[in-house]
Amino acid sequence: MPGSSTTPLPSLDLDHIMEHTQGLWEDLRGGRVFVTGGTGFFGRWMLESFLKANDELGLDAELVMLTRDPHRFAEAAPHVTGHAAVTLHPGDVRTFDLPDFEYTHVLHMATEAGPGLSPSASFRTAIAGTERVLAFAALRGARKLLLTSSGAVYGPQPPDCERLTEEYLGAPRPEDVSVGYGHGKRAAEYLCSVAAAETGLQAKIARCFAFVGPMLPLDANFAIGNFIRDALYRDRIEVAGDGTARRSYLYAADLAIWLWTILFKGKSGRPYNVGSEAELSISDLAGLVARVVRPDIPVRIAESPVAGTLPARYVPSTARATRELGVQGSLALDEGVLRTANWYVAGPTRGGRG
């Protein structure tokens, strides 16, 4: 696929992030940020928007990023790692050597799910990694920490629940051994809340739902990424299941705005849903991707809906974040899909320049 991790994010999107985070960045002036999970989808958006703000506003801030393979990431993102403000720190999130110097902020975005990682290993990694990051934050005097949690902490959304609020008391079933990721995120939230209560660390919690944008893996278990892949490179869009499940998607540039805003302005220990309330069915999503990316491509739905069955849902309420922090989703889904597809098509020589 032409678009790759070596392709910078679109300058149009980075400008959008700057426009909607005005006045927030003074919190980082002269600061030092420690980042886990910087090589992933969330991480790259946070890294590149940090560098944009640091350069344009003269923040004189530094960023140290934990990575298991510094050489590999340096090859994948030379425009990031070659910046004077960025230092790579080798290590695993569970066992890394604690870097020297004081730090002002921590972004804990390391993921605990992926190919080859069992649910139980995901659970254990979430706990051990969060404990290690919190120990580092306490030792190095960090003031604020952002944890990227997940809507998975709520467990399955009841089909008759239109949107999940932060007050919803559901949870993954403890006897379900397949949901280690959701249990791990719940445990990570608890550990951060304990640290906030006991040490004074301002622990900010972002419960993230579903997103689209450049850097989203097209071959992972994300329906919207799979549909964009199919529209770009295959002869039809394949919808697994009956297509009735309901989802909503926030564009990645808005995601970065929300995460920075939660870090700088969010209340410590108070979770905020991050996502979109504009829901649609998976079959309608496939049709939208086809219409935006390649109107002549057919859509194939694997199964027929079962009459009388309510569709599965994964849709947040974002009222708390909008009311308390003033954030909103400003880019429509069709525009987000188009920007994502264009980034993949453009590739390293053009894709990062919007």
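Please treat every number below as a calculation from the coordinates, not as lab data. All values reported here derive from a predicted model rather than from experimental measurement. Cβ: placed from backbone, ideal geometry, glycine included. Neighbour counts: every protein chain shown.
The table for this structure:
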read-out	value
DSSP beta bridge pairing in the chain, given as percent antiparallel to the nearest 5	10
Amide proton proximity set for R313, modelled H, under 5 Å, gap of 5+	Q157, R246
Listed pairs K204/K265; K52/K185; K144/K267; K144/K265 exceeding 18 Å between Cα atoms	K52/K185
Ellipticity estimate at 222 nm from DSSP helix runs (n ≥ 4, -39,500 (n - 2.57)) divided over the chain, nearest 500	-12000 deg cm²/dmol
By average C-beta atoms within 10 angstrom, highest first, the peptides 169-178, 103-112	103-112, 169-178
Cα gyration tensor shape for the range 215-354, rounded if a/c is under 1.5, else prolate or oblate	oblate
Computed FRET value (nearest 0.05) for C161 with N342, which takes r as the C-beta separation and R₀ as 25 Å	0.10
Of the DSSP H helices in the chain, those whose Cα atoms cover at least 18 Å axially and whose Kyte score averages 0.0 or more	119-139, 252-265, 333-346
Label-zone membership for the range 152-183, site L310, 7 angstrom Cα→C-beta point, backbone N under 12 Å	157-163
